[in-house]
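Down below is the structure, laid out as structure tokens.
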Amino acid sequence: MAFWLARQRDGQNSDFIQRFDPRFWTIDFPRPMMACVYVTGPDSLRVDLEIHHRDALAGLIWESEDTLDHPLLAYDTDRDYSRTTLRFRWKSEGVLPLDAVHGPTLTIEGEDAAGNPRSWYVRLWNYAEGSPTDALVTLPFSQLAGGWDIAAAPDPVEPSRIDRMFISLVPPAYDPADPGLLASRVNGWVELSEIACEGDRPMLPIGDIMIPPHDTRIATAYDDSYNQTPTRLMRNIRGLGYRDEILHYLGMSHYYRLKRQADGTLLANHPRLTCVPAINWLRALFISGREQGYDVILSYSYELLAQHCPPDWMQRAHDGSPALTGWEPPSALLSPVNSAVDTHLRELGLQLARLQVEAGLPVKIQIGEPWWWVNSDFEPCIYDANMRSILDPAVPDITDMRADLSEAQKAALSLAGARLGTSTESIRNDIKDAQGPEAELLLLAFTPTILHLEMPDMPLLNLPDVWQHPQFDRLQLEDYDWLTSGAEALRRQAYETMQATLQYPLENQDYLAGFVLNAEDAESHWQLIDAGLDEAIARGVPRRFVWALPQVCRDGYTRLPTPPPDEEEDDMEAFDDVIYPLALGRDAAVSPEFSTAIVLTASGHERRNSQWSDARLRFDVGPGIRSENELGTLIRFFRARRGAARGFRLSDPFDFSSNVMTGTPGMLDQNIGTGDGLTASFQLTKSYGEVADPQIRPITRPRAETIQVAIDGVASSAWLLDQGGKIVFIIAPPAGSTITAGFLFDVPVRFAEDRLDVAGANFAAGEAPSVPLIEIREAV
């Protein structure tokens, strides 16, 4: 399927929004504070906050440049706020009021008239009418001034060069010099309503594309999108053609409520589980999704931000070191045998399911990537106190998963794997018991970890038997490490292994393609991701997701739908895998044809540009017809092909072998590639001319029974023939190895015309008819 990395709008549909549209405000803050922003009406928004520290400050932000929406859906950059007025009604509770010292302040970042970077601090109370917690605020940008007392010491704002602005929100006991904890957690909220922009430039152009649905779904993650309104995310999802379901990962760092410990630390072991901002943000997502016809799959995992994870919840290696990921800051993996972890995860699943029911959505819960961690030193993290209590102390600790393990050590891995399976089974059973059998439980498995080549015993640890069909309603697979590195053979092997082990029918499987961590990899990675989606379609996987929306928007990834079926076009592309039925006579004509653009300069010199990398063949097979019976065979074959509409195979009498032109093929005839240890597919090709600069011809119609393949000169049978003349190895050839092949082949052709002229008198007189054929250039 076609795709496009859009960098900016270039003639696509656009519309206008009011500047300061509530959908496009964002929120940001330092952890462990938590806040969210969501739309409550066409001219209103709400911010919810949970605050723990005296110096905590959140900012409600308006950016002049849209860096979050997809380039085809973003609003235009406009830094000029001259003669523009923003007006809104302010209501608040649980934060400093408008009239307080350090009360809500509009920080404006931009440049002064000389072009120097500047910030202004505009006290909202100076422009408010009403009470400190319920007031109408009017901000005329050309008349704004920063400072506490604008009558005595105004600091005029330069309105024509504003980059961004944000309203500060702080707790009632705010002290910017005191990083200590508040007496108790503060839950606050702010509402802006009746938001209006007046004066000059009150409207902003905005992209307004609507990609037709393309039968691909989208994934999002709260950790990446907590700062945006759910309505904004939904606008991108719908505009880019994603439909039916949204897979939303709850994340590992922003959803939970923190509990103060005796030593003053804050940990994610609060009995309420989730914080108010996360819950209200999810409710807003559910409402927006339901109104537009989307179901939302909620995903959560055995992972928490390490700084908020109770130490006894963590998986640990043999030396007691915690299981930490490579993210910065790191997250910790939770032990599935810890009773507090078990309670947390089971209660969390039930809470999420209740939220879906309250929103009028079907219950769809994904258990995301449940596994025992193996750290960068290949040490399995199965030695937390709870797991040690059930392991045989006589069995030596496993310090390297790459080692040749004893049967007793493998039994320890199997025991840990079984306990992981029991943990996920408990989550599944709880939700099914509470919500009924129609509740959909999904399992997400990351095959590059579970089936790591260097650690052959990983399936004992992270692929428990209890996961077999029909334990979960759907099995979701992702392999983005392998996908974006081109590890084709590993991916194909993984599909077969997971199918053989867990036995989920394809109709009960999903595929997640992604993701692009770094923007500089966009060009190469998105091509592979898009191809991975197409491959999943070809494998018959019914539901496919792109992971994830933030990277889609950042890189402008635009998946385009397949054009609607066109009967005439389909006929033109049709190919009948049959051979031309008549032997070609000695007088048959073959004409290789290139396309070269030749420019004659004023001085008489030529400049030549070869426009085709491969020749296109033309044939005249008329001279091969020797009798009226053969003439009848030709006419029947011509009619069956519907003239030029359908292609077929032709054996070229002058060039049909990998060995020179017509020799007996051997496995060393043609060099078709060099192994890199990852790539499994190699296109059959034939080279002509000098070794230093050969003309390479893709072979798309080989005779399958004649193919011989070798790796570094050693015959190999561990391969399959794929469509288009591709050799697909079961195991990728090693890096640096030379892949060679020998084969016989046919040429894909069609009749050159829709009319076949045959004159009986001429044929009786020995004059052969002209039957022109033309080679079909097939995609490789």
- If you go through segment 55-112, how many residues are touching a helix residue (DSSP H, G or I) at 6+ places or on another chain (Cβ under 6 Å), among the hydroxyl-bearing types (Ser, Thr, Tyr) and surrounded by 16 or more Cβ atoms within 10 Å (Cβ to Cβ)? 2
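Quick test for you: out of SER160, SER193, SER142, pick the one residue that is assigned by TED's automatic domain parsing to the domain that holds TYR75, under 21 Å from SER44 (Cβ atoms) and not hydrophobic (A, V, I, L, M, F, W, C).
On inspection, the qualifying residue turns out to be SER193.
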- Task: Could you look through segment 618-630, keep only residues that are farther than 14 Å from GLU753 by Cα and buried (at least 19 other Cβ atoms within 10 Å of the Cβ), and pick out the one that is modelled with the lowest pLDDT?
- Result: GLY624
- Message: Looking at (1) among the hydrophobic types (A, V, I, L, M, F, W, C); (2) at pLDDT 95 or above; (3) out of contact with any Pro (no Cβ under 8 Å at 6 or more places or on another chain), which one does MET34 not meet, given that it meets all the others?
- Response: (3)
- Message: Given the criteria surrounded by fewer than 16 Cβ atoms within 10 Å (Cβ to Cβ), at pLDDT below 95 and small (Gly, Ala, Ser), does ALA152 qualify?
- Response: yes
- Task: Note down all Cβ pairs under 8 Å where the first residue falls in segment 575-599 and is assigned by TED's automatic domain parsing to the domain that holds ASP620, the second is hydroxyl-bearing (Ser, Thr, Tyr) and exposed (fewer than 14 other Cβ atoms within 10 Å of the Cβ), and they're at least six residues apart or on different chains.
- Result: PHE594/SER610; SER595/SER610; THR596/SER610
- Item | Output for segment 90-108, where each listed residue is within 10 Å of SER168 (Cα to Cα), among the aliphatic types (A, V, I, L, M) and part of a strand (DSSP E or B) | LEU106
- Query: How many of the residues making up segment 43-62 are under 31 Å from the mean Cα position of the chain (by Cα) and closer than 25 Å to ILE287 by Cβ?
  - Reply: 9
- Could you run through segment 170-194 and say how many residues are surrounded by fewer than 20 Cβ atoms within 10 Å (Cβ to Cβ) and within 30 Å of ARG83 (Cα to Cα)? 3
- Message: Condition check: basic (Lys, Arg), at pLDDT below 95 and either assigned by TED's automatic domain parsing to the domain that holds ARG701 or within 43 Å of the chain's Cα centre (by Cα) (or both). Does ARG777 satisfy that?
- Response: yes
- Message: Looking only at segment 591-609, filter to residues that are hydroxyl-bearing (Ser, Thr, Tyr) and assigned to a loop (DSSP other than H, G, I, E, B); which one of those is surrounded by the most Cβ atoms within 10 Å (Cβ to Cβ)?
- Response: SER595
- Task: Just one of (1) at pLDDT 85 or above; (2) within 19 Å of ARG750 (Cα to Cα) trips up ARG607, so point out which.
- Result: (2)
- Message: Looking at THR501, THR449, can you tell me which residue is surrounded by fewer than 21 Cβ atoms within 10 Å (Cβ to Cβ), over 24 Å from the mean Cα position of the chain (by Cα) and at pLDDT 95 or above?
- Response: THR501
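Out of all the residues in segment 109-142, which are in a loop (DSSP other than H, G, I, E, B) and either in contact (Cβ under 8 Å) with a residue 60 or more places away in the chain or polar (S, T, N, Q) (or both)?
Once the filter is applied, which keeps residues that are in a loop (DSSP other than H, G, I, E, B) and either in contact (Cβ under 8 Å) with a residue 60 or more places away in the chain or polar (S, T, N, Q) (or both), segment 109-142 yields ASN116, THR133.
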- Message: Can you report the number of residues in segment 610-651 which are in a loop (DSSP other than H, G, I, E, B) and within 17 Å of GLU778 (Cα to Cα)?
- Response: 9
- Query: Just for strands (runs of 3 or more DSSP E) wholly inside segment 161-269: which have at least 1 residues that are at positive phi and either touching a residue at least 12 places away in the same chain (Cβ under 8 Å) or hydroxyl-bearing (Ser, Thr, Tyr) (or both)?
  - Reply: 181-199
- Residues of segment 380-407 being touching a His at 6+ places or on another chain (Cβ under 6 Å) and either among the acidic types (Asp, Glu) or at positive phi (or both), which ones? ASP397
- Message: Looking only at helices (runs of 4 or more DSSP H) that lie completely in segment 395-479, which have at least 2 residues being in contact (Cβ under 8 Å) with a residue 60 or more places away in the chain and out of contact with any helix residue (DSSP H, G or I) (no Cβ under 7 Å at 6 or more places or on another chain)?
- Response: 407-435
- Filter result (among the β-branched types (Val, Ile, Thr) and assigned to a loop (DSSP other than H, G, I, E, B)) within segment 51-67: THR67
- Query: Given the residues ALA732, ALA752, ALA741, which is the only one that is in contact with a Leu (Cβ under 8 Å, 6 or more places away or on another chain), modelled with pLDDT under 95 and crowded, with 19+ Cβ neighbours inside 10 Å?
  - Reply: ALA732
- Task: Return yes when LEU355 is over 17 Å from ILE297 (Cα atoms) and not β-branched (Val, Ile, Thr) and no when it is not.
- Result: no
- Query: Any residue in segment 470-478 that is acidic (Asp, Glu) and more than 20 Å from SER301 (Cα to Cα)?
  - Reply: no
- Among the candidates GLN493, GLN509, which residue alone is in the same structural domain as THR422 (by TED's automatic domain parsing) and surrounded by fewer than 21 Cβ atoms within 10 Å (Cβ to Cβ)? GLN493
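The values are calculated or read from the model by the stated rules, or taken from the named source; none is laboratory data. Since we're looking at a predicted model, the values are computed, not measured. Cβ coordinates were reconstructed from backbone atoms using ideal geometry, including for glycine residues, and neighbour counts include every protein chain displayed.
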